[in-house]
1. Do we find that A:A113 is in contact (Cβ under 8 Å) with a residue 24 or more places away in the chain, touching a Ser or Thr at 6+ places or on another chain (Cβ under 7 Å) and open to solvent by less than 10 Å² (accessible area, probe 1.4 Å) in this structure?
2. Give, as residue ranges, the helices (runs of 4 or more DSSP H) completely inside the range A:68-131 that count at least 3 residues that are at pLDDT below 95.
3. Name the residue, out of B:G57, B:G21, that is of a type outside the set (D, E, K, R) and at pLDDT 95 or above.
4. Within the range B:101-147, how many residues are under 16 Å from B:R90 (Cα atoms), away from every other protein chain (no Cβ under 11 Å) and not small (G, A, S)?
5. A:L128 passes all but one of (1) surrounded by fewer than 24 Cβ atoms within 10 Å (Cβ to Cβ); (2) within 11 Å of chain B (Cβ to nearest Cβ); (3) among the aliphatic types (A, V, I, L, M); which number fails?
6. Name every residue in the range B:220-266 that is touching a Pro at 6+ places or on another chain (Cβ under 8 Å), open to solvent by less than 40 Å² (accessible area, probe 1.4 Å) and assigned to a loop (DSSP other than H, G, I, E, B), in order of residue number.
7. Just to verify a result, which residue in the range B:382-397, among those that are crowded, with 24+ Cβ neighbours inside 10 Å and more than 8 Å from chain A (Cβ to nearest Cβ), is modelled with the lowest pLDDT?
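The values are calculated or read from the model by the stated rules, or taken from the named source; none is laboratory data. Values in this document were obtained by computation on a predicted structure and should not be read as measured data. Cβ atoms come from the backbone with ideal geometry, glycine included; neighbour counts cover every protein chain shown. Heads up: the accessible areas ignore ligands, DNA and RNA and are worked out on the full protein's heavy atoms, side chains in. Shrake-Rupley method; radii C 1.70, N 1.55, O 1.52, S 1.80 Å.
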Amino acid sequence: MGMPLSINGSSLTIQDVVDVARNGRTVCLDSDARSKMEESYAWVQKACLQDQPVYGVNTGFGSLARVKIDPANSAKLSLNLIRSHAAGVGPLLPVPETRAMMLLRANALAKGASGCRPLLVDTLLQMLEKGVTPLVPQQGSCGSSGDLAPLAHLGLVLAEGDHGRVTFQGEVMSASEGMRQAGIPRLQMEAKDGLAITNGAQLTTAIGSLALYDAISLVEAAELAAAMSIEALRGASRAFVAGVHALRPHPGAIATAGNLRSLLAGSELIDSMPEKLQDAYSLRCTPQVLGACRDAISYAISQVSIELNAATDNPLILLEEEGENKAFSAGMFHGEPVGIPMDVLKIAISEVANLAERRLYRLTTGSLSQRLPPALASKDRPELGMMVPQTTAAALVSENKALGWPASMDSIPTCEDQEDHVAMSTTAARRAARVLENARRVIAIELQGAVRALEFRKMETPNIRLGAGTAEGLTRAGEVLHSLGEGTTPSDEIEALTEWVRSGAHRSLVSGLEAVS
Amino acid sequence: MSIALNGQTLSTSDLHAIAHGESVVLSDAARAQMRANFESMPEGPSILEEKRHWLVGGFASELTADELCRTFILGHCAGVGELLPDEMVRATMAARVNVLATATTGCRPEAADVLIAMLNQGVTPRVPSQGSVGAAGDLAPLAHIARVACGYTDRPAGLPDYRPNPKEALALINGISMTAALGAVAVTRIERILDCSIAACAMTMEAMGADAGCIDDRLLQARKHPGGIEIGERLRIWLEGSAQVVPNQGANAFSIRAAPAVMGTLVEELCCTRTILERELNGSGDNPLLIDGEWIEGGNFHGAPVAQALDSLKIALTQLATVSERRTFRLTYGQLSKGLPSFLVRGTGLNSGFMLTQYTAASLASECKGLAHPAAVDTIPTVQHHEDHVSMGPIAARMLLEITECVADIVGIELLLAAQALDLRMRGIGFDAAGEFMEVDCVTPAPRIAAAHAVVRQHIDYWEDDGVLHPALAAAGKLVRTGEILSENGPW
């Protein structure tokens, strides 16, 4: 696809991550970044021969920083780090998340502050291009000092030796075989390579980047579904008037209200019950709730966007600083700046789904739906309609509450008390992705209900005009359902609409969050 | 030998065996009782037929009983998400058969027979794991099973040509059989994890030269908690003949000293949960019931009793996770491990040894804390105000299974480290307060500990130097899951 993406450690966006991780865009290293990397690499090469202790270059790791390492063993130290840190367990990461992690690590190194060779980045980028994907177990990272175990599993593939596994062209094989078939030479580890590969919260941020991209799309789908439900329930538009929201100017609410207005513009169903002064909260408060979710997502995007372009390892090499010792030991690997946003994202996405579930309840409950058929069951054929899918939605939103427990609130001391506060950010990000998956299905179920509901309204009043956006939403989502044919179950319908939302086909109907690129 | 389903004696371990392929048979007595129960049905429409207007509105009068059943089952196929593993679907089917075998649901034996044929012929429906709120039962998942049983979808040849009557269509899905089945498989797995964790704890105590006071029977009896007493007894059996774990060594840290209290809590919780599950597995989880020739409507499908038990078990299991993780921390901590090297390898510095295993254990323990969030505290009104309080039991069950996986790996890590620590002692490798190597007397472990250690060494090598940790962790997790460390070798 198109032009290769050039990385330099300071301009990577969430959109870029999606392009590379999911869509196979190729990547190259910017030439200025390459020279900057060379300079810091040269300094490390020099430093490891001198007496001055530099963490992880001529010392042990973690609490073992107290142990001095013979410079002759610097390379062995790096290789040992990779091998002994490959301590992941559990199911494997999906390929896109793994690719995103590789890209993020390459970009962090391209910053030129990690003291490693450009060849390391070149190798990662070649693996991305040829489709050599390391097998990385999902579990086992505390997110500090970075996603050590998952990144070490990547390191096992980079570093020459009888270790590591990959998928290549659809087959699982040893790293040596996969890299050989792809024609990519593996690396002899050198001083500090081990740290440069493993030190940083790239898995957290990789999962987070893809989740945020999907979260934006999900909120837009939720706004479309909300507008369709509000219309089918013959809602009142006064709650969405711009002047109202200007008086409590949360940017997310202003955006959501604006989207609802344009989606519903021209609808003859809206405001068709003048006797009804105001709607239930799940309709009337849609801008407040979805708006708050938008604001929370914006916060998470801003945090992740910073992290995407950060140097995250330890120590960092700052050649501009005064003094002999250019290596600065700090805590840049700590996952907290991404962990907290990921926990916030879980709450926001849970709320998107909670609100949708309540609108769905109204749509399917005869006494609350302004005379829609009970359970939105068809009048053409015998069926239970949406009775059970609403229960499915309730199960999904309840599961999100269990997954919503904030992982970053926890910490367990590790490494002989040297690493006595950890982020648990990886767990936060993994849970956020699951919450999102559940929420996507809830929105799909609301769309399933809203399509039925609007089709009833059109049957009641054949020539009634729907909103500018909702009419198009009805057409497109309706096509997804009607193309399924005979003999489909509610489950089939939900999964089809889930894939429709996942594809982002709804996005042109709703105006998006600008912060993404 | 097939397991006989009779509505009375199905145990959690039976269900685990069925999950892993054991065949089943409906007991003759249950068959006869089901027939008699069916024949005691009063004249008049069944409950599903009474509700047909509510269910299918304008079509109520046109629909045959057969069409009503089909509409009802297919309309409940609203599950989503990842598929349940095959063994869980099998356990769910067997659990549902056993409810029918209570002979209180008004069903003919044919309804049980079709599910039994599916189990014995290895026909396992594809059942999405999400979508049930656990009241009025696990409707969606059971409907995905019933769809195959009733022949409403393509299915392999050779199954009975079964068509349900309206009460059977209801009875096939109206109970929490999936929740109970998942819980039962989890209980069996957790029993094995507990057994392995006692072995791992004993090995840690041996390697650390722990004080024996904390497992003195007199001490534990004095507090009266049967779980603590049992853990003490089982640790003493493992440590019989130990020259290391003896009295007057100085008080242990809590992760060892209070192991009987913490791990004993799981013993008691397991016992309680198993009892509740076995009641449910052998109870009439359906609605309405046909008793004394009379239909009685109630809420026997509600998952609350099981949801509560599974949530409690999640907490107790998480305590096992956190206490094992702390022992792992001590084993890797040079200053706390009584002369063992930091991270349990010589030449530490160039080697990080087992440093990362404790991170992995900590990460998994933290995951358990989140997954232990009680599902049953939530409820969401469903189905047009009718089902206005639900159990969320299936969520509790699925999260319990996830915690179970995490804890199997955590206990595997303790076992791996305890074996390594013991090796160092057996080789006379010691370290002084400054972390400098010194030769010390070689230790001979207690016989049962030595035997368990030998099993570990059949699969995982002693480390002199850094290696790749992942294969060792995977092997250790497998030792726990298969129970091989206990000289068992059963499916997980």
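1. No: the conditions fail for A:A113.
2. Details: elements: A:74-85, A:95-110, A:118-130.
By residue number, A:74-85.
3. Working: B:G57 fails: at pLDDT 95 or above.
Only one candidate qualifies: B:G21.
4. Counting residues in the range B:101-147 that are under 16 Å from B:R90 (Cα atoms), away from every other protein chain (no Cβ under 11 Å) and not small (G, A, S) gives 13.
5. If we test A:L128 against (1) surrounded by fewer than 24 Cβ atoms within 10 Å (Cβ to Cβ); (2) within 11 Å of chain B (Cβ to nearest Cβ); (3) among the aliphatic types (A, V, I, L, M), just (2) comes out false.
6. Those that are touching a Pro at 6+ places or on another chain (Cβ under 8 Å), open to solvent by less than 40 Å² (accessible area, probe 1.4 Å) and assigned to a loop (DSSP other than H, G, I, E, B): B:S242, B:Q244.
7. Within the range B:382-397, the first condition is being crowded, with 24+ Cβ neighbours inside 10 Å, and the residues that meet it are B:382, B:390-397.
From the residues that got through so far, the ones that are more than 8 Å from chain A (Cβ to nearest Cβ) too are B:391, B:393, B:396-397.
Numbers: B:S391: 93, B:G393: 97, B:A396: 98, B:A397: 98.
Among residues in the range B:382-397 that are crowded, with 24+ Cβ neighbours inside 10 Å and more than 8 Å from chain A (Cβ to nearest Cβ), the one modelled with the lowest pLDDT is B:S391.
For every residue, the table says whether it meets (1) under 23 Å from B:S284 (Cα atoms); (2) away from chain A (no Cβ under 14 Å); (3) touching a residue at least 40 places away in the same chain (Cβ under 8 Å).
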| residue | (1), (2), (3) |
| --- | --- |
| B:M1 | no, yes, no |
| B:E39 | yes, yes, no |
| B:E43 | yes, yes, no |
| B:G58 | no, no, no |
